[in-house]
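I'd like to ask some things about the structure below.
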């Protein structure tokens, strides 16, 4: 069964790619239109027990706390430092903005990327005990490489922050900075000691999730993808918009079914909830990868 | 003199390109970092006697007027239809928003691109009497091609609307949709007859001019250009930001000095005003192209 499912899933992908790359075929798609978009959290790398960017926020608040004695008595920082996440959650959107302002703003873009890079050089997934940048799905890496070898341009389209991803996506995924689309905060062009810098402001600019994904894809790429890959309800509109174009289309969901080797979650998860989109995928015949049964090896570090 | 200036200008460009592409040299720049950004209006195509996108607005209002009898008595439409631009100008920002809403919003992205493409297939520059898409600077086309042949990725970074440019930039300039950065209005993802569409809303999203240019370059490309090309004060911050990076840099301004073959304008022009940035270019040694003396042929259609 597992070998058979693997074959079927692979056959669906290969059949699509062969169709659109066969010159002279009615389904042929010129190389410049072979756009493939990938969600990141839960599609290319692990998003449990919490989003990596959230783990960064927690670590960063702890690291900066000595410079901010007031955090010991002010929410949401107090709750976060004491592990009282209920108190953090109670601060709502205002709390999120405060945490983002404290950890993601007030420095130049270059400085922020350095902070992220430094953190990622040691931060590990607590269950898998590997660097976050090693907790990436080997079959998806093979898929990225396969598509690029067939002339596709592979993009990341993530709810995560653009500048949180750019320091490492090229090395980890082979996806360069200009093919990373994500959420962002506002920046300001200003002269610092006579040198122009882009300063990160404590203000949201764009949330690249749900309806935001097709909007950002259109804004940045200006073409509709012919293939899209996701794992949660945040990817629904990107998959729908991809599916609605003319000609052959490939839509794929990664389903997290392996509680032993990775994490098992779907309809009721706080991170990467997959509910409506799973029903839609089944109804519309999109490919749904069953990680436990379809993926022989999940990570490069697996035996 | 003119031959000498041409040689000097060309030599500055060629010297830069040879430096950054010579493997093993201290100034070598890897291909993925060879980002070159070009302003569009006045740098790649003609922006006089008015911005092409403004000419589109005028024509579009005239074309739609029969469906809007109320425009005969309402500003800014009344003034525009009667050629009373003073009355149009008096409506200020509110008037601009109304004109944009009437001509740029209320349809899908695909529909708008079709409208623009149709208009450009017949619209001409009134003085040069050629299609707008033919009123493009031949030496700049050669420069784009030369840079690409040397491994550069060439981007447009324009104050003009993204979707106003994308229908024709690939054919005219060899710049594909995903390398076009510009101003934009908001779009909304919505289901139309069960099919997902991106609808254009009558609301500004981003103004890609002045400080907006480095901000958008960072947001979309995620890398600082090593070469930037402009012609007006709207390009100042893009040039400054490019200049402030490490290693060799190329900054170039096109100066409109040829009132016979094109248009002569700079410090006091309503469109493409070049004032502070010209002084800065001279002070900092950026290349300033003198169109009259440096360009033997301005357009491909020139004898």
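Nothing in this text is a laboratory measurement; each read-out follows from the coordinates by a stated rule. Fair warning: this is a prediction, and the values are worked out from it, not measured in the lab. Methodologically, a virtual Cβ is constructed for each residue, glycine included, from the backbone with ideal geometry; neighbour enumeration extends over all protein chains shown.
Working only within the range B:231-251, note down all residues that are more than 8 Å from every other protein chain (Cβ to nearest Cβ) and in contact with a helix residue (DSSP H, G or I) (Cβ under 6 Å, 6 or more places away or on another chain).
Hits for the range B:231-251 are B:233, B:236, B:238, B:248, B:249, B:250, B:251.
Here are the criteria: (1) more than 30 Å from residue B:31 (Cβ to Cβ); (2) surrounded by fewer than 21 Cβ atoms within 10 Å (Cβ to Cβ). Tell me which single one residue B:153 does not satisfy.
Of the numbered conditions (1) more than 30 Å from residue B:31 (Cβ to Cβ); (2) surrounded by fewer than 21 Cβ atoms within 10 Å (Cβ to Cβ), the odd one out for residue B:153 is (1).
Filter the range A:193-221 down to the residues that are facing chain B (nearest Cβ under 10 Å), in a strand (DSSP E or B) and in contact (Cβ under 8 Å) with a residue 60 or more places away in the chain and list them by number.
Selection gives A:197, A:198.
Which condition number does residue A:137 fail, the rest of (1) within 11 Å of chain B (Cβ to nearest Cβ); (2) under 22 Å from residue A:277 (Cα atoms); (3) within 14 Å of the chain's Cα centre (by Cα) being met?
Only one criterion in (1) within 11 Å of chain B (Cβ to nearest Cβ); (2) under 22 Å from residue A:277 (Cα atoms); (3) within 14 Å of the chain's Cα centre (by Cα) is unmet by residue A:137, namely (1).
Only residues that are surrounded by fewer than 16 Cβ atoms within 10 Å (Cβ to Cβ), assigned to a helix (DSSP H, G or I) and in contact (Cβ under 8 Å) with a residue 24 or more places away in the chain: list them for the range B:61-101, please.
B:64, B:101
Could you check the range B:254-289 and list, in sequence order, the residues that are surrounded by 17 or more Cβ atoms within 10 Å (Cβ to Cβ) and farther than 16 Å from residue B:46 by Cβ?
Scanning the range B:254-289 gives B:277, B:278, B:280, B:281, B:286, B:287, B:288.
Quick check on the range A:243-253. Is at least one of its residues part of a loop (DSSP other than H, G, I, E, B) and surrounded by 21 or more Cβ atoms within 10 Å (Cβ to Cβ)?
Among the residues of the range A:243-253, not one is part of a loop (DSSP other than H, G, I, E, B) and surrounded by 21 or more Cβ atoms within 10 Å (Cβ to Cβ), which makes the answer no.
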